[in-house]
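A.B. asks: First the structure, which I've put down as structure tokens, then a few questions once you've had a look.
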Ligand code: NAD
Ligand code: MG
């Protein structure tokens, strides 16, 4: 085990490859190709083993970051994949991700729309049912935050509304719309966050939404168990995705992830396996679980 201080990992470090991020900020929602370094979604590393063969998945926020890595892994595991993303702003990232899915010989479906709009959920679900012929895996992954270095006093009504409407309302509306169409063996996976357990001062409103989603994961697992539908969550730690340069400060980016036991931020590719596990039959006795992928930071 190396005793090097945080931030100086090299590719051979047993703690995994460090990311040396540019501290340049981007306009929201951020774009994959403008990130330096370009995030790793597993393009050159993820190997599928047919674990989701024939399944049909819908991943919100699937254009970029964690959602893109999950979309690629699901496709390599044999699933057809629909992705949600913000129309207009994210057409370019959405198209790149759809290409990755199609390159695996799977059906790829674009379902752009704004989760804050209550009418998106029923229309998105019906587009997925039409395009994929059904829905077996719903990944509520889209999320929004804006960092406020001074904490709650600087969170205005627009920010509060956007954060809760995207993360909590959007997840609930989409889950409600999907429920009548899910059958035994289906699964729901929510992307929450280590912030739901250990909130940072600069993300207080966001952290509260993620705590709400952790809680919702438990209650939905309880509700849907009798239908044979499993509900779980992945709680990421710091991960190098467009959300970061688009919503935080250069100072935060510079040291992002250094506070974790592994001393670095993660790559989207390092999250994908957790979603594959939870969606697959390997996890058929796993429900109501929140799986941390945090670089070693404990959830509890
Ligand atoms: P990302 O920016 O690549 O993905 C977030 C996606 O959310 C966007 O691509 C966008 O398509 C979608 N989105 C946002 N607002 C939306 C809206 N109103 N309607 C529809 N879609 C909308 O960043 P990411 O880091 O991959 O984020 C994925 C999830 O991971 C989020 O829920 C985020 O909170 C969570 N997360 C990220 C980190 C991290 O460090 N990157 C840590 C913990 C949790
Ligand atoms: Mg995006």
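The values are calculated or read from the model by the stated rules, or taken from the named source; none is laboratory data. Owing to the predicted nature of the structure, the values given are computational and were not obtained by experimental measurement. A quick note on method: Cβ atoms are made from the backbone with ideal geometry, for glycine too, and the neighbour counts reach across all protein chains shown.
A.B. asks: Does residue 213 satisfy being in a helix (DSSP H, G or I), surrounded by 19 or more Cβ atoms within 10 Å (Cβ to Cβ), in contact with a strand residue (DSSP E or B) (Cβ under 6 Å, 6 or more places away or on another chain) and in contact (Cβ under 8 Å) with a residue 12 or more places away in the chain?
C.D. replies: Working: in a helix (DSSP H, G or I): yes; surrounded by 19 or more Cβ atoms within 10 Å (Cβ to Cβ): yes; in contact with a strand residue (DSSP E or B) (Cβ under 6 Å, 6 or more places away or on another chain): yes; in contact (Cβ under 8 Å) with a residue 12 or more places away in the chain: yes.
So residue 213 passes the test.
A.B. asks: If you don't mind, there's one more thing I want to ask. Among the residues in region 213-228, are any within 14 Å of ligand 1 (Cβ to nearest atom), at pLDDT 95 or above and within 30 Å of residue 20 (Cβ to Cβ)?
C.D. replies: Residues of region 213-228 that are within 14 Å of ligand 1 (Cβ to nearest atom), as a first pass: 213-214, 216-217.
Subset that is at pLDDT 95 or above: 213-214, 216-217.
Among the residues that remain, those that are also within 30 Å of residue 20 (Cβ to Cβ) are: none.
For region 213-228, residues within 14 Å of ligand 1 (Cβ to nearest atom), at pLDDT 95 or above and within 30 Å of residue 20 (Cβ to Cβ): absent.
A.B. asks: Okay, moving on. Could you please find all residues in region 216-238 being touching a strand residue (DSSP E or B) at 6+ places or on another chain (Cβ under 9 Å) and over 21 Å from residue 168 (Cα atoms)?
C.D. replies: 225
A.B. asks: If you go through region 81-124 one residue at a time, how many are away from ligand 1 (no atom under 14 Å from the Cβ), assigned to a helix (DSSP H, G or I) and more than 21 Å from residue 38 (Cβ to Cβ)?
C.D. replies: Qualifying residue count for the region: 1.
A.B. asks: Just checking, which of 299, 291 is buried (at least 19 other Cβ atoms within 10 Å of the Cβ), closer than 28 Å to residue 201 by Cα and at pLDDT 95 or above?
C.D. replies: Details: 299 fails: buried (at least 19 other Cβ atoms within 10 Å of the Cβ).
Step by step, each of 299, 291 is checked, and only 291 is buried (at least 19 other Cβ atoms within 10 Å of the Cβ), closer than 28 Å to residue 201 by Cα and at pLDDT 95 or above.
A.B. asks: Hey, another quick one. Any chance region 190-210 includes a residue that's crowded, with 21+ Cβ neighbours inside 10 Å and farther than 24 Å from residue 86 by Cβ?
C.D. replies: Checked region 190-210: at least one residue is crowded, with 21+ Cβ neighbours inside 10 Å and farther than 24 Å from residue 86 by Cβ.
A.B. asks: Sticking with this structure for a sec: Take the conditions more than 14 Å from the chain's Cα centre (by Cα), more than 8 Å from ligand 1 (Cβ to nearest atom) and either surrounded by fewer than 22 Cβ atoms within 10 Å (Cβ to Cβ) or not in a loop (DSSP other than H, G, I, E, B) (or both) and apply them to residue 233. Does it pass? Even if it seems obvious, please write down each step before you answer.
C.D. replies: Numbers: more than 14 Å from the chain's Cα centre (by Cα): no; more than 8 Å from ligand 1 (Cβ to nearest atom): yes; either surrounded by fewer than 22 Cβ atoms within 10 Å (Cβ to Cβ) or not in a loop (DSSP other than H, G, I, E, B) (or both): yes.
Answer is no for this residue.
A.B. asks: Residues in region 169-189 that are assigned to a helix (DSSP H, G or I) and surrounded by fewer than 19 Cβ atoms within 10 Å (Cβ to Cβ): how many?
C.D. replies: Pass one, region 169-189, residues assigned to a helix (DSSP H, G or I): 169-181.
Applying the additional criterion that residues be surrounded by fewer than 19 Cβ atoms within 10 Å (Cβ to Cβ) yields 169, 172, 176, 179-181.
Matching residues across region 169-189 total 6.
A.B. asks: Considering only residues that are in a strand (DSSP E or B) and within 16 Å of residue 20 (Cβ to Cβ), which ones fall in region 236-274? Can you show your working first?
C.D. replies: Restricting attention to region 236-274, the residues satisfying the condition of being in a strand (DSSP E or B) are 236, 239, 266.
Residues satisfying the conditions are 239, 266.
A.B. asks: Quick one: how many residues across region 61-80 are within 15 Å of ligand 1 (Cβ to nearest atom) and assigned to a loop (DSSP other than H, G, I, E, B)?
C.D. replies: Qualifying residue count, region 61-80: 4.
A.B. asks: Let me ask something else. Of the numbered conditions (1) buried (at least 21 other Cβ atoms within 10 Å of the Cβ); (2) farther than 16 Å from residue 268 by Cα, residue 42 fails exactly one; give the number of that condition.
C.D. replies: Tallying (1) buried (at least 21 other Cβ atoms within 10 Å of the Cβ); (2) farther than 16 Å from residue 268 by Cα, residue 42 fails exactly one: (2).
A.B. asks: Test of understanding: among 79, 110, 147, which residue is buried (at least 23 other Cβ atoms within 10 Å of the Cβ) and touching a residue at least 12 places away in the same chain (Cβ under 8 Å)? It would help to see each step written out before you state the result.
C.D. replies: Working: 110 fails: buried (at least 23 other Cβ atoms within 10 Å of the Cβ); 147 fails: buried (at least 23 other Cβ atoms within 10 Å of the Cβ).
Residue meeting the stated conditions: 79.
A.B. asks: While we're looking at this one, here's another question. Mind counting the residues in region 137-158 that are more than 11 Å from ligand 1 (Cβ to nearest atom) and either in a loop (DSSP other than H, G, I, E, B) or modelled with pLDDT under 95 (or both)? Walk me through it before giving the result.
C.D. replies: Going through region 137-158, the residues more than 11 Å from ligand 1 (Cβ to nearest atom) turn out to be 137-138, 146-158.
This time we only want the ones that are either in a loop (DSSP other than H, G, I, E, B) or modelled with pLDDT under 95 (or both), so: 146-151, 155-156.
Of the residues in region 137-158, 8 are more than 11 Å from ligand 1 (Cβ to nearest atom) and either in a loop (DSSP other than H, G, I, E, B) or modelled with pLDDT under 95 (or both).
A.B. asks: Those residues that are in a loop (DSSP other than H, G, I, E, B) and within 14 Å of ligand 2 (Cβ to nearest atom), I need them from region 32-60; list them, please.
C.D. replies: 35, 38, 39, 41, 60
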